[in-house]
Amino acid sequence: GVVDFKETRQKIRSLEASLSDKANLNNVVQLMEFINSSNKANAQVIHAAMHALHRVFSRFLTNGDLDQPNDPSSATAKVTLWLLGQFANYVKRLRQLLSDDEPGLQVPALKILMTLVKTQSEHTNKMANDQLQPIVFAMVWNKNLSAPLHKEWMEKYVNAYDDVRYHFYRHTADIMTKTAEKNEKKKEEIRRLAHNVFSMVEGITSMPTESSELDEFYIELPEIKKYMALKNKGGNGDDMEEEDEDALLLGDSGLISDEEEEEVNNKGKVSKKKDRKKTPVLQLDHHKRVFQSCWIALLKLPLTEEIYKKTLLILHKRILPHLREPRFLMDFLTDSYNVGGSVSLLALNGLFILITEYNLDYPDFYRKLYTLLDRDVMHVKYRSRFFRLLDIFLSSTLLPANLIAAFIKRLARLSLTAPPAASVIIIPFIYNLLRRHPICMKLIHKNDAVGEKEDPYNFDEQNPYETKALDSSLWELQTLSQHYYSNVSTLAKMFSEKFLKPKYNLEDFMDHTYSTFFKTEIERKRKKEPAMAFEQPGSCEWTI
């Protein structure tokens, strides 16, 4: 009860106070017993003990009581090593609490862990990666990643500081790569890892695009202080004097990346090539490198369709601009394109950017695009997005006429079974294609094919160049002019008139649905009453 907790809290406070005297170091063990309590009712006790131990260990850290001893056999060294063991147990317990059922314990556990990383790093002038990596590990594998914990982790640390984000990407990429290599985890565990990592990386909006944007650091190591001082003087941090750079030999910084660690030779000096460089966390290229490693490792994991779709939706604006080598995404996009359905539609955008902006070769692009045009496309919620993209892909007047004719015929054939909302996009779409590629106008003027039986066009042919579309005619549009819905039939009739309009603005036709059509019909003012009017039936009286 409340009384018991008050007594326990008082005991925790007196144990904490007693630890200002080194003669009472054993009292750490008693405090550890409180934090190790597994009774659900003891959340308040655990909360009080974890904060008390934080204050105790922070003092030990800053006083140097947890520094590695030079002579491990001395009496003081034995005490220090024992204390280090207690400290290791403490942070291990805090990491366990990150997946506790109670967010009220998860969040303070994270705050304390991250504060300890800062305290330790600034005390040793070296990034405490041995403390940060296990925190990242506990977060990405977390079985109970609650909303408050996720919010704290992202808003206060990963998305707030350049150095934390850099190390988060680095450690996360490493964790995912090793998991995939070992192949020891169950499928659902790997799914959880992918889900957790994606929920974090999709929320990172602070990724820099210029070196000057590297300006928020959680841990103020000497080289970062120098960099920031230069920046604040009006420099960009790139003008560090040579002796400063010499003082920043990467091997001493604790910010060294794995690749560079291998280049450090036995003397602890860095090869001549590297010794004029700032630490990785101060270099935009290294931020891009870890960003890319993390995303590529994530996209190699088995992903749910939801993650596939979400990734493809943010790919264009949030991923591609930060990659060192966008071609690394080619495999992922090609795989996505082969998934079929709406996943393929979303992959289109990314592939198109790689082809047009990064000059990547994708010889089967139009053939793939053609096979994506099926009856399902007419019904998916990404339909408008697909038609916007299709319009861009077919905009070049240099595309061969037989390719364009195949797309026109396929669209026309699909319009016969498409919902009205899709048909009203297809009709102006075909009109624009005919205006853009006049050679295809022969499809309208030909009257040989008046139905599917006489039509030389082969709908089932997967290769658009082999469909014989140019030998066909657009009898489908004639059929649409008899459509039951007047919006469709009126639009289709324009093909029997002169082509006076330069082109249609497709946006006017994009976002229609059954419900918008229904609303229009219901709200339309009628000139006269319908031909048949029904009277309200009166009561029925049966006579037997």
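The values are calculated or read from the model by the stated rules, or taken from the named source; none is laboratory data. Keep in mind that what you see is a predicted model, and the values were worked out from it rather than measured. A quick note on method: Cβ atoms are made from the backbone with ideal geometry, for glycine too, and the neighbour counts reach across all protein chains shown. Ligands, DNA and RNA are stripped out before the accessible areas are found, and what is left, the full protein with its side chains, is counted by its heavy atoms. Shrake-Rupley method; radii C 1.70, N 1.55, O 1.52, S 1.80 Å.
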Inset, instruction - Can you work out which of the residues in region 199-210 that are in a helix (DSSP H, G or I) and open to solvent by less than 10 Å² (accessible area, probe 1.4 Å) is farthest from GLU152 (Cα to Cα)? - result: VAL201
Legend entry - Which numbered condition ASP65 misses (of (1) under 29 Å from the mean Cα position of the chain (by Cα); (2) modelled with pLDDT under 95; (3) of a type outside the set (Ser, Thr, Tyr)): (1)
Inset, instruction - With a cut-off of at least 3 residues that are open to solvent by less than 70 Å² (accessible area, probe 1.4 Å) and of a type in the set (Gly, Ala, Ser), name the helices (runs of 4 or more DSSP H) lying wholly within region 300-362. - result: 341-357
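Out of curiosity, is MET127 of a type in the set (A, V, I, L, M), in a loop (DSSP other than H, G, I, E, B) and open to solvent by less than 70 Å² (accessible area, probe 1.4 Å)?
Spelling it out, MET127 is indeed of a type in the set (A, V, I, L, M), in a loop (DSSP other than H, G, I, E, B) and open to solvent by less than 70 Å² (accessible area, probe 1.4 Å).
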Inset, instruction - Quick one: count up the residues across region 147-159 that are in contact with a Ser or Thr (Cβ under 7 Å, 6 or more places away or on another chain) and either assigned to a helix (DSSP H, G or I) or among the charged types (D, E, K, R) (or both). - result: 1
Inset, instruction - Considering only residues that are in a loop (DSSP other than H, G, I, E, B) and surrounded by fewer than 20 Cβ atoms within 10 Å (Cβ to Cβ), look in region 407-424 and name the one that is modelled with the lowest pLDDT. - result: PRO419
Inset, instruction - Confirm whether THR80 is closer than 24 Å to THR115 by Cα, touching a residue at least 12 places away in the same chain (Cβ under 8 Å) and either open to solvent by 60 Å² or more (accessible area, probe 1.4 Å) or hydroxyl-bearing (Ser, Thr, Tyr) (or both). - result: yes
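The rows are residues; the columns are (1) part of a helix (DSSP H, G or I); (2) modelled with pLDDT of 95 or more.
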{"position": "ILE135", "(1), (2)": "yes, yes"}
{"position": "LEU145", "(1), (2)": "no, yes"}
{"position": "PHE168", "(1), (2)": "yes, yes"}
{"position": "THR172", "(1), (2)": "yes, yes"}
{"position": "LYS185", "(1), (2)": "no, no"}
{"position": "ARG192", "(1), (2)": "yes, yes"}
{"position": "SER212", "(1), (2)": "yes, no"}
{"position": "LYS226", "(1), (2)": "yes, no"}
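For (1) among the acidic types (Asp, Glu); (2) over 27 Å from LYS468 (Cα atoms); (3) touching a His at 6+ places or on another chain (Cβ under 6 Å), each residue gets a yes or a no:
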{"site": "LEU348", "(1), (2), (3)": "no, no, no"}
{"site": "LEU351", "(1), (2), (3)": "no, yes, no"}
{"site": "GLU357", "(1), (2), (3)": "yes, yes, no"}
{"site": "LEU360", "(1), (2), (3)": "no, yes, no"}
{"site": "SER384", "(1), (2), (3)": "no, yes, no"}
{"site": "THR397", "(1), (2), (3)": "no, no, no"}
Inset, instruction - Determine whether VAL91 is touching a residue at least 24 places away in the same chain (Cβ under 8 Å), surrounded by 15 or more Cβ atoms within 10 Å (Cβ to Cβ) and of a type in the set (A, V, I, L, M). - result: yes
